[in-house]
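Below is one structure; the comments refer to it alone.
Bear in mind that the values in this text are calculations on the coordinates, not laboratory data. Remember, predicted model here, so these are calculated numbers, not experimental data. When we count neighbours, we look across all protein chains shown, and the Cβ atoms used for this are built from the backbone with ideal geometry, even at glycine.
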Amino acid sequence: MIVNHSPAEPHEPELRAALAWAQRLGLARLEAQMLLLHALGRPLHDRAWLIAHDDHPLTAEAAALFPSLCQRRLAGEPMAYLTGRKEFHGLELAIDARVLDPRPDTETLVDWALELLAGTRAPRIADLGTGSGAIALALARARPDAQLLAIDASAPALALARSNGQRLGLPVQWQQGDWLAGVPGRFHAIVSNPPYIAADDPHLAALRHEPLSALASGADGLDDIRRILAQAPAHLLPGGWLLLEHGWNQAEAVRQLLQAAGFSAVQSRLDLAGIARCSGGTMPEKAADEMK
Ligand code: GLN
């Protein structure tokens, strides 16, 4: 690490010198603090400790780890991959490059599902493309009476999701599969944050550290949403809801697809930035009956 200290000071640099070095390199102050806390093996929220003890010397392990964490962050790796964890809907999840880095915007989908299911006892819920398990685990924690089935096509993703479930002590059934193909039974709610970015979207370059299979979905980004819409009606209980996350400019297209698939009360919800980020609808009792 390039930190100036005189030869008369053989000890490791102080924490504040390491932070100043990272910021000179181009890291945001908060990220530099979080990476330093991680390198020191301290809780990531312990910034008060860091500020109070910034005259402490770096430990040898932190001195070895911190510079490479900073370089990787500057090369675009998500913070969650570097620290190995991410908070989502009040849960601390283990996260790595096997799964999409869960975004706070996806909490909108969780909150919407919880609202719609508030009056339903022991709801059956399916989470499609669960990744780290974020949505399924947040729902399981908020609704201990719910039965959660979480599906993903990726075995490595499911292994991480399953270990998140075990560590958090939350009962979710994990299953490898192709959306709802071969899944028995019907659900009160089907929720999904599927891949939805157009295959040629230049934004994908910024997401190159995350699994492409969790991000890209055909020419217009809607291939997987179309597949889910083709399968979901036959897997919903009468009055059940399908809620989908989608891209910032896809709300109208997804609402049209929902309507064309026979859903009613079709509507969208805004994310934290005020963008219509999820759309959903309910299967009318009559239509669901006809499909029995
Ligand atoms: N919201 C993410 C992004 O655009 C993409 C997540 C997804 O494709 N499901 O950065």
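How high is the relative contact order of the chain, in percent, with contacts defined as C-alpha pairs under 8 Å that are six or more residues apart?
On the way: 530 pairs, mean separation 38.4, N = 292.
Result for the chain is 13 percent.
Taken about its Cα centre, the chain carries a charge dipole of roughly 500 debye when the Cβ of each Lys and Arg holds +1 and the Cβ of each Asp and Glu holds -1. For the stretch 166-292, the spread of Cα coordinates along the three principal axes comes to 45, 38, 27 Å, biggest extent given first. Here is how the number arises for the chain: DSSP H runs of 4 or more residues each give -39500 (n - 2.57), the sum is divided by the residue count, and the result at 222 nm is -10500 deg cm²/dmol.
When restricted to Cα atoms, the chain yields an Rg and a Dmax of 22.1, 84 Å, respectively. Label-to-label distance, residue 212 versus residue 260, with points set 7 angstrom from Cα along the beta-carbon direction: 2.7 nm.
Our coupling estimate for the stretch 275-284, obtained by passing each phi through the Karplus curve with A = 6.51, B = -1.76, C = 1.60 and θ = phi - 60°, is 9, 5, 10, 9, 9, x, x, 10, 8, x Hz, Gly and Pro reported as x. In terms of overall dimensions, the C-alpha atoms belonging to the stretch 102-233 reach 43, 33, 27 Å along their principal axes, ordered largest to smallest.
Amide H contacts of residue 197 (H built 1.01 Å from N, in plane; Pro and chain starts excluded): 216, 217 sit under 5 Å, all sequence-distant by 5 or more or on other chains. Between the amide H of residue 236 and those of 187, distances stay under 5 Å, these residues lying 5 or more places away or on another chain, with hydrogens modeled in the peptide plane. For residue 178 and residue 285, the difference between the fully extended length at 0.36 nm per residue and the C-alpha to C-alpha distance is 35.9 nm.
Between residue 270 and residue 47, how high is the FRET efficiency from 1/(1 + (r/R0)^6) when r is the Cβ-Cβ distance and R₀ = 35 Å? Nearest 0.05.
Values: r = 30 Å, r/R0 = 0.85.
Calculated value: 0.70.
Taking the alpha-carbon centroid of each part, what is the distance from the stretch 37-81 to the stretch 219-290 in angstrom? If we compute the Cα centre of each part, the gap is 42 Å. Dipole magnitude for the stretch 25-165: about 260 debye, using +1 per Lys or Arg Cβ and -1 per Asp or Glu Cβ, origin at the Cα centre. Using a Förster radius of 51 Å, what is the FRET efficiency between residue 142 and residue 200 based on their Cβ-Cβ separation? Nearest 0.05, please. Rounded to the nearest 0.05, the efficiency is 0.85.
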